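S.K.: Take this structure first; my questions come after.
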Amino acid sequence: MAETAKTASLQEETRIFNTPQDIIEYSNAYQWMKKKGFKTEMEMRKWCSDNYIEFWDEMAKTYADWSVPYTKVLDDSGKPYYKWFTGGKINVAYNAVDRHAKGAKKDKVAYHFIGEPVGDARDITYGQLYIEVNKMANALKGAGVVKGDRVVAYLPMIPELPITMLACAKIGAIHTIVFSGFSSGGLNSRVNDAEAKVVVTADGFYRRGKPLPLKPNVDEAMKTAPSVQKVVVVKRTGVAVPMTEGRDVYYDDFVKGQSEECETVMLDPEDRLFILYTSGTTGKPKGIEHAHGGYAVTPAQTTSWVMDVHDDDVFWCTADCGWITGHSYVVYGPLCLGASTILYEGSPDFPDLGRWWSIIEKYGVTVFYTAPTAIRMFMKTGEEFVKKYNLSKVRILASVGEPLNPEAYMWFRKNIGSDRAPIIDTWWQTETGCHVIAPLVMTPEKPGSVCFPLPGFNTDIFDEDANSVPLGYGGNIVQKTPWPSMLRAFFRDEVRYKKEYWDMYWQVKPGTYLAGDKATRDKDGYWWIQGRIDDVLKVAGHRISNAEVESAAVSHPKVAEAAVVGQPDEVKGEKIVAFVILRDGVAESPELAKEISVHVRKVLGPVAYPDKVYFVKDVPKTRSGKIMRRVIKAKALGKETGDLSALANPESVDNIPRIDL
Ligand code: WTA
């Protein structure tokens, strides 16, 4: 199916779903709208965006506690290095934990932790979380971690993961979470780029009923990681692992005897909270920096306005903390709001396809946020397991990470949302830190559309010359004004930071952020996301760069060159396909193809596993040697390859095979 044709057919979507009036009237955003006297949603959205500084000022005061009030909401004098909440002092850990633990929410559940083995579950209250965070913060201090130091956590979804994040925040250290689905190579490059002092990990984790090892990946990665002084190991599976004398310590021993009190350091709002590596056009991941001030405001505000979480809700965002969605909607958003959240370690289908639904029933989940790939997986496997459980408490459903196709929207709505719950399809990025384009509970929805930019954002669609495109036309998603949880920089890479996000429109409209996605608006102004403009894959919602997979493939001794593209997949969105040029004299074989996939998995991790490897003699390149992935993809999928005049070797296109769909 041609990409443009798909867009056209989506834009002809005529179904509109209205949220039931009682759910609308109960919603936080609706109540704010009424309080302010706006008559319509559009009037409110417009006012909030036109007056974004005033809007974010109110939100910052509503959702965060400042130990010293700020004197200026936004300082835009040093574009694109915007500064928010100047003159104030804050710590997001105070907002996420301390104020609840010291107040009325001390005994309220912060996390319902559910391990993968059935029955392995415990509730952690805000009071208990406070103690755990303090002990870990003191232990980190004891290990010599000071403000600004980087601490890497490479952990499964167990309580020690958010505890480590919050402990770092508390003392002003910067956390860098590496998704546990990356292997030693992915971990090594991130640890070294961040020059981490401490790595927190686990002996292993559970996946589909089996304990799997994690620590060996760390040992491998540590072979060339000179900055790391300490490796803290959580005993999760109890499997014996080698411990390096003087460097490795078990988590229990690390925190043993530490005080249950620890001072929360009040910081400048621009002080860095975390670095999260994400994929871009090159093979080197980008270390996106986020700051305390913004993170204490917009994740909580959007958890309230967009996810519509109220005090008595049980919120479940199924994302892993290794990705941005986990940072904002498993940790900072719900905790700053003082909500109760599910933290689930395992896979959606273990011991059977009813696991998630059993959790929703048992814990009375009311707001459920997941990814299209999971919805499509359940859709494919049928409703049998869904029907076994009572999901009637679910009031709000939400989706993120890739386009939610109308079929999946309808399935989700009918089977999980009892045909009542609105489906909040949220578009945003590691770089934005919070939702940017999404319906509110009150918004009439079109299946497959992310509806409109949220209040406080001035998001637009630009053509190449920085003109806003008319309805019905496509172009680049941009932000015309800054927002509090925006990215602040790339860790130690100012040039690339400016080039990737700010250079495109600098001459005409300086300070315009280029998101990296294309979108269109239909005749009613509804937004339809069309995908990335750069070479970034979205595999089961995980953001992976083509170049990173290529360099992992090329690290195989028999591979001379590789080109990686995404093949459409009805469940995962995309799957990884590699076109490989072997070194001279190496014979092609199905075994070698498999070996290369396995090698990539070993180097980068299971998330980057190429489903197929094809051998080719050459790949199309520009005269400057850049691999033309777009041309390869078009040829492989049997589409028009377009103008080939820029290629140095147009004949190479013929040898790209048509891949099976
Ligand atoms: C894509 C994830 C369509 C988009 C929060 C973006 C989406 C990238 C949606 C960021 C959505 C995210 N519909 N596409 N609702 N949400 N994307 O940094 O291409 O892992 O640029 O952040 O995911 O991925 P990231």
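S.K.: Residue by residue through the range 515-523, what is 3J(HN,Hα) from phi via Karplus (6.51 cos²θ - 1.76 cosθ + 1.60, θ = phi - 60°)? Round to whole Hz and write x for glycine and proline.
M.R.: Per residue, the Karplus-derived 3J(HN,Hα) values read 6, x, 10, 9, 8, 10, 10, 7, 4 Hz.
S.K.: Non-local amide H neighbours of Ile437 (under 5 Å, H modeled in plane, Pro and chain starts lacking H): which ones?
M.R.: It is Trp427, Leu454, by chain and number.
S.K.: Could you calculate the contour length gain from Asp311 to Asn192, that is, 0.36 nm times the residue separation minus the distance between their Cα atoms, to one decimal place in nm?
M.R.: 38.7 nm
S.K.: Here is a further query. Apply the Karplus parameterisation 6.51 cos²θ - 1.76 cosθ + 1.60, with θ equal to phi minus 60°, to every residue of the range 388-404 and state each ³J(HN,Hα) to the nearest whole Hz, in sequence, with x for glycine and proline.
M.R.: With the stated coefficients, the range 388-404 comes to 6, 10, 8, 10, 5, 7, 5, 9, 10, 10, 8, 9, 7, x, 6, x, 8 Hz.
S.K.: Hey, another quick one. Before rounding to the nearest 500, sum -39500 (n - 2.57) across all DSSP H runs of length at least 4 in the chain and divide by the residue total; then give [θ] at 222 nm in deg cm²/dmol.
M.R.: -8000 deg cm²/dmol
S.K.: Give the share of C-alpha pairs in each 10 angstrom bin for the range 337-445, from 0 to the last occupied bin, in whole percents, shortest bins first.
M.R.: Pairs per bin, as whole percents: 14, 47, 34, 6.
S.K.: Separate question: Over the chain, with every protein chain in place, what whole percent of the accessible area is carbon and sulfur at 1.4 Å, could you tell me?
M.R.: About 52 percent, which is the carbon plus sulfur part of the accessible surface.
S.K.: Please compute the per residue accessible area over the range 221-312 with all protein chains in place, 1.4 Å probe, rounded to a whole number of Å².
M.R.: Ligands and nucleic acids excluded, the figure is 38 Å² per residue.
S.K.: What number comes out for the charge environment of Glu289, summing +1 per Lys or Arg and -1 per Asp or Glu over other residues with Cβ under 9 Å away?
M.R.: Charge balance near Glu289 sits at +2.
S.K.: Between Glu245 and Lys210, what is 0.36 nm times their sequence separation minus the Cα-Cα distance? Round to one decimal in nm.
M.R.: Extra length available between Glu245 and Lys210 comes to 9.8 nm.
S.K.: Hull surface divided by four, with the convex hull built on the Cα atoms of the chain: how many nm²?
M.R.: The Cα convex hull of the chain, projected and averaged over all directions, gives 28.3 nm².
S.K.: May I pose another question? What accessible area per residue, rounded to a whole number of Å², is obtained for the range 535-655 using a probe radius of 1.4 Å?
M.R.: 45 Å²
S.K.: Hey, which of these cross-link pairs are over 27 Å Cα-Cα: Lys380/Lys446; Lys89/Lys135; Lys36/Lys72; Lys509/Lys635; Lys286/Lys518?
M.R.: From the list (Lys380/Lys446; Lys89/Lys135; Lys36/Lys72; Lys509/Lys635; Lys286/Lys518), the Cα-Cα distance tops 27 Å for Lys509/Lys635.
S.K.: How much length, in nm to one decimal, is gained on full extension between Asn467 and Asp534, taken as 0.36 nm per residue of separation minus their Cα-Cα distance?
M.R.: The span from Asn467 to Asp534 would gain 22.1 nm if fully extended.
S.K.: Give the long-range amide H neighbours of Lys393: residues separated by 5 or more places, or on another chain, with amide H under 5 Å away, using H modelled in the peptide plane at 1.01 Å from N.
M.R.: So Lys393 has HN proximity to no qualifying residue.
S.K.: Roughly speaking, what is the centre-to-centre gap between the range 72-102 and the range 411-427 when only Cα atoms are used, to the nearest Å?
M.R.: Here the two parts' Cα centres lie 34 Å apart.
S.K.: Can I ask one more? Could you list, in their original order, any pairs among Lys215/Lys499; Lys284/Lys602; Lys223/Lys499; Lys106/Lys170; Lys61/Lys499; Lys388/Lys602 whose Cα atoms are separated by more than 29 Å?
M.R.: Pairs exceeding 29 Å: Lys215/Lys499; Lys223/Lys499; Lys61/Lys499; Lys388/Lys602.
S.K.: Counting Lys and Arg as +1 and Asp and Glu as -1, what is the net charge of the other residues whose Cβ lies under 14 Å from the Cβ of Phe462?
M.R.: Overall, the nearby charge balance is -2.
S.K.: A follow-up question, please. Can you put Val265, Val306, Val146 in order of accessible area, largest first, using a 1.4 Å probe?
M.R.: Val146, Val265, Val306
S.K.: Residues with amide H under 5 Å of Leu267's amide H, sequence separation 5 or more or different chain, H placed in the peptide plane at 1.01 Å from N; which?
M.R.: Residues meeting the criterion, in which the H sits 1.01 Å from N, are Ile90, Asn91.
S.K.: If you take the beta carbon distance between Asp643 and Asp618 as r and set R0 to 22 Å, what does 1/(1 + (r/R0)^6) give as a FRET efficiency, to the nearest 0.05?
M.R.: So the FRET efficiency works out to roughly 0.70.
The values are calculated or read from the model by the stated rules, or taken from the named source; none is laboratory data. Please read all numbers here as calculations on a predicted model, not as lab measurements. Counting neighbours? That spans all protein chains shown, and the Cβs are built from the backbone with ideal geometry, glycine included. Heads up: the accessible areas ignore ligands, DNA and RNA and are worked out on the full protein's heavy atoms, side chains in. Shrake-Rupley method; radii C 1.70, N 1.55, O 1.52, S 1.80 Å.
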